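Taking it in order: structure first as structure tokens, then the write-up.
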Amino acid sequence: MTVLRGATLIDGTGAAPVRDAAIIVKDGCIEAVAIGARGPWPPGHDVIDVSGLTVLPGLIDCHDHLAAHGYDLARRWGLDEPASTRHLRTAHAIERALALGYTTVRDAGGLDAGFGKAVEEGLIQGPRLLTAIAIISPIGGIGDSMSPSGHKCVVTADPALPRGVARGVDDVRNVVRTMVRAGAGVIKCATTGGASSRAGHGPRDPAFDRDEMRALVDEAHALGLTVACHALGGPGLRLALEAGVDSIEHGCYLDEDPELIAMMAERGVFLVPTLTVYEYHRESPAPHVRERARVLREHHLETVRRALAAGVRVVAGTDAGGHGHPPNAVELAHLVAAGLTPMQAIQAATGLAAECLGLGRQIGTLEKGKRADLVVVDGDPLADVGILTDPERIRLVLKDGVTQIRR
Ligand SMILES: [Zn+2]
């Protein structure tokens, strides 16, 4: 048994912080949370004194691309370096996320299931990984690897990544099953273009029809997986919600259709705004990307405000990869700037994030019976969530009760 004693506890439920908490860990789980308990602890307890520090649930990023390392075509298609170098680059990004207190990451496309296996076997240190494998879209959608010149990427960087293009209702079901066979822990699809999608397929341009999306959601749910849908605006955004997806990724133009925000609140659909990625898109070398990101910014911020006011569960995702791998908690600072309180931002990366991933019963809060995923930080993240981006502040990380990082 391990006891962490003396820290200020932020438990991830949104409850006010509590001083002088003791967290007792047994067999990978939280055995008890005791306030003001001083011991003495029975023999055999490994007591870690974390007085003066803050303990939080292990952090969760709901939208990352750990195997992506740049937006330019050669990088995107894995042409500019040996596959082994690329895989080790991905492993490095995975290790870094853990070192920053992220004990769970949902990968929204591009990461094969082998990385999760490598983490489980201890070949590399990393968060528990829930991967979408590849993004599912119709021809011309964001899951279709086509260059601006019309050349198609025929060689995938990784044979463990099945094609994400689905052609019609029957094929949609087949592609979902193929992702599941390849180890998907979530189904990721796209019903609109985005900021960085090809010219001609922008944020309000739809992809997939009603029957295809119903089949996709139906098949994913039948196989026990949630559906995370990239959707920015226009008819594709409504289509995704009407088809029953579980989270809207980006959702930048939700403010244009308040009925959809009400629908999300009522059905418990999560919003993953991924504010971080648009910081980079606004400075993109590609003029059409830059322009789209600049035009959508005010809508995006208004969307977050309205979603919060309507009671939509807003959760944190960086959408990192194309722009490198900044500290995942950068998103929390953006969420606070967009109007979340620091406590709401922390919930967005802990308790609510776990629910978004369908793991609310296992992780996300520091409560009896949950997996012992936790991070101890030097400082008060409620005064400044930005401290969570500083590796020096991350003093201790436990995953499943096992010490991963200790400084
Ligand atoms: Zn993404």
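The values are calculated or read from the model by the stated rules, or taken from the named source; none is laboratory data. What you are looking at is a predicted structure, and each value in this text was computed from that prediction instead of being measured. Neighbour counts are summed over all protein chains in view; Cβ atoms, including those assigned to glycine, are modelled from backbone coordinates with ideal geometry. Just so you know, the surface numbers come from the protein's heavy atoms only, side chains and all, with ligands and any DNA or RNA stripped out. Shrake-Rupley method; radii C 1.70, N 1.55, O 1.52, S 1.80 Å.
Overview of values
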| item | result |
| --- | --- |
| Any chance P57 is away from the ligand (no atom under 16 Å from the Cβ) and within 22 Å of R393 (Cα to Cα) | yes |
| Pick from region 70-99, criterion open to solvent by 10 Å² or more (accessible area, probe 1.4 Å) and hydroxyl-bearing (S, T, Y), ranking: nearest to the ligand (Cβ to nearest atom) | Y71 |
| Any pair with Cβ under 8 angstrom, 6 or more apart, that starts in region 269-294 at a residue that is hydroxyl-bearing (S, T, Y) and within 13 Å of the ligand (Cβ to nearest atom) and ends at one that is in a loop (DSSP other than H, G, I, E, B) and modelled with pLDDT of 95 or more | T274/G317; T274/T318; T274/D319; T276/T318; T276/D319; T276/A320; T276/P326; Y278/C252 |
| Where I139 falls short, out of the listed (1) under 22 Å from the mean Cα position of the chain (by Cα); (2) surrounded by fewer than 19 Cβ atoms within 10 Å (Cβ to Cβ); (3) part of a loop (DSSP other than H, G, I, E, B); (4) of a type in the set (V, I, T) | (1) |
| Where F208 falls short, out of the listed (1) buried (at least 24 other Cβ atoms within 10 Å of the Cβ); (2) within 16 Å of the ligand (Cβ to nearest atom) | (2) |
| Filter result for G244 (open to solvent by less than 30 Å² (accessible area, probe 1.4 Å), without any contact (Cβ under 8 Å) to a residue 40 or more places away in the chain and either within 15 Å of the ligand (Cβ to nearest atom) or not aliphatic (A, V, I, L, M) (or both)) | yes |
| Flag for G224 being in a loop (DSSP other than H, G, I, E, B) and touching a helix residue (DSSP H, G or I) at 6+ places or on another chain (Cβ under 8 Å) | no |
| Filter result for H230 (outside any helix (DSSP H, G or I), under 17 Å from the mean Cα position of the chain (by Cα) and within 16 Å of the ligand (Cβ to nearest atom)) | yes |
| Single residue of region 100-126 satisfying the filter (in a loop (DSSP other than H, G, I, E, B) and in contact with an Asp or Glu (Cβ under 8 Å, 6 or more places away or on another chain)) that is nearest to the ligand (Cβ to nearest atom) | A108 |
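Here's the yes/no breakdown for (1) of a type outside the set (V, I, T); (2) in a loop (DSSP other than H, G, I, E, B); (3) within 21 Å of Y71 (Cβ to Cβ):
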position: P159; (1), (2), (3): yes, yes, no
position: V175; (1), (2), (3): no, no, no
position: M179; (1), (2), (3): yes, no, no
position: A184; (1), (2), (3): yes, yes, no
position: K188; (1), (2), (3): yes, no, yes
position: G194; (1), (2), (3): yes, yes, yes
position: S197; (1), (2), (3): yes, yes, yes
